[in-house]
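Structure, as structure tokens:
Derivation of every value follows stated rules applied to the coordinates shown; laboratory data play no part. This structure is a prediction, so every number in the text was calculated from the model and none was measured. Note: ideal-geometry Cβ built from the backbone for every residue, glycine included; neighbour counts use all protein chains shown.
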Amino acid sequence: MKKSNNKYVSLLPKNYQVDLDTQTITSNKDAKYYIFFSDIHGNAKTIALIKQAYSDYGDAQLVGGGDYIDGRKDSKMVTEDLMKLATENNAVILKGNHEEMMLDFAQGGDPDRLWFYNGGKTTLRSFFGSKKINYRESQEQLRNSSFYDFYLSLPIMFETPNFIFVHGGVMPIKNYNDPNQYGKGWGVTGLSKYDEYRLWARDEYFYHQSNLGVSVQEATYFAHNKTGKTIVTGHTPTALLHGVFDDGRIMEDTPFTDCCVRPVQYKGEPARIFTDNGCHSRYPGHDGNVTVLNNKGEILVVYDHDDPQGLDWNTYKKKYGKYQA
């Protein structure tokens, strides 16, 4: 398991605590606002949206939700901008599964070349400017780079009194931050099951899992959020999110051209907010969703390709109303 190191810890505000074993940052106080961005996938246009949001909400805590590389051609520029946001603006930059795959590749893992053929080649070309990529030579080149050092330093989760920010998700139960709840041993990716879930979870996070052994495929209604906190994630393009609520509401999937921000919420519970705009695809207009939230977990504004100056949440909901539940 690749743990956060002291280089990253030194960049964080002094009132933040870092648990190296669980790769989790915690703060005992919420910021006034949060600006969340995730799944940039080498798209430089997302950086412009982040800067616009920060210009409008300069007292917000910036939070990156992972998957900054692989996909589009500007992974180097995106990474360098993230480094600046971390060092100059105290941004909390979290790791995604694509960063984890890159680290595994650099350390000599990835025998099936999962990362290499899942956007890694494009990232290596961006990082080092070489059109011809040699698999073994690239591992060493990457290991000796500042990009590797930066991504190695990133934690997986950021937790505050009212929020959980994480790439894939957490088990939406009361003891969500207890690694033992996720099972012992190692997952199929070689990570602990706790880390694997937080980076890779999809259906197992979306849907209810009964204690009677019901499979993910059968458990088609959305899980309740028993954590007591708003959970904000990326990882899965929101067009793929669909299901029913146990109160009868239905959330249908959307055209892949409309990867809008989508909360899943039951009455009396904090929301689970899904934000991945599908930048890993080549669809025009998929330039990221940059989401501003207040410290109560309410979405205030979303910045995207159609509305780079930001669209207030009430107007945004009307625009994408048929895709909200």
Pick out, from Phe274, Asn97, Gln324, the residue whose Cα sits farthest towards the positive end of the charge dipole of the chain, with +1 on the Cβ of Lys and Arg and -1 on the Cβ of Asp and Glu. Asn97
Report, by chain and number, residues whose modeled amide H sits under 5 Å from the one on Tyr176, excluding near sequence neighbours (fewer than 5 apart, same chain). none
Residues Thr254, Thr79, Thr87 arranged by fewest to most Cβ contacts within 10 Å: Thr87, Thr254, Thr79
Estimated vicinal HN-Hα couplings, Hz - the stretch 254-261 in sequence order (Karplus 6.51, -1.76, 1.60; Gly, Pro = x): 10, x, 5, 6, 10, 8, 7, 5
To the nearest 0.05, the calculated FRET efficiency linking Leu20 and Asp203 through their beta-carbon distance, R0 being 30 Å, is 0.50
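Cβ neighbours within 10 Å, averaged per peptide: list 148-161, 38-51 in order, most packed at the top.
Values: 148-161: 21.1, 38-51: 24.1.
Final packing ranking: 38-51, 148-161.
Please give the net charge around Asp74, taking every other residue with its beta carbon less than 12 angstrom from that of Asp74, where Lys and Arg add +1 and Asp and Glu add -1. Mind dumping the intermediate values first?
Values: positive: Lys45, Arg72, Lys73, Lys76, Arg125; negative: Asp70, Glu80, Asp81, Asp287.
So the environment of Asp74 carries a net charge of +1.
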Within the chain, helix-based [θ] at 222 nm, where runs of 4 or more DSSP H residues each add -39,500 (n - 2.57), nearest 500: -7000 deg cm²/dmol
Specify whether the C-alpha gyration tensor of the stretch 114-205 places it in the rounded, prolate or oblate class, a ≥ b ≥ c being the square roots of the eigenvalues: rounded for a/c under 1.5, otherwise prolate if a/b is larger than b/c and oblate if not. prolate
Cα-projected label distance for Arg136 with Asn28, points at 7 Å along beta-carbon direction, nm: 5.3 nm
Label-reachable residues, the stretch 63-99, where backbone N falls under 14 Å from a point 7 Å from Ser146's Cα toward its Cβ: 76-88
Put a dot 7 Å past each Cα toward the Cβ at Arg249 and Tyr221; how far apart are the dots in nm? 1.4 nm
Which one, Val261, His235, Ile299, is farthest towards the positive end of the dipole of the stretch 148-304 when Lys and Arg carry +1 and Asp and Glu -1 on their Cβ? Ile299
Modelling each spin label as a point 7 Å along the Cα-to-Cβ direction, I'd like the Ser55/Ser281 distance in nm, to one decimal. 2.9 nm
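How high is the relative contact order of the stretch 187-325, in percent, counting Cα pairs under 8 Å that sit 6 or more residues apart? Spell out each step's value before the answer.
Values: 227 pairs, mean separation 23.4, N = 139.
17 percent.
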Hits among lysines - C-alpha to C-alpha of Lys267 under 21 Å, sequence gap 8 or more where chains match: Lys174, Lys226, Lys229, Lys296, Lys317, Lys318, Lys322
For the chain, what is the relative contact order in percent, using Cα pairs closer than 8 Å and at least 6 residues apart in sequence? 20 percent
If the only charges are +1 at each Lys and Arg Cβ and -1 at each Asp and Glu Cβ, what is the size of the charge dipole of the stretch 6-323 around the Cα centre, to the nearest 20 debye? 280 debye
15 Å beta-carbon shell around Ser38, net charge (K/R +1, D/E -1): -2
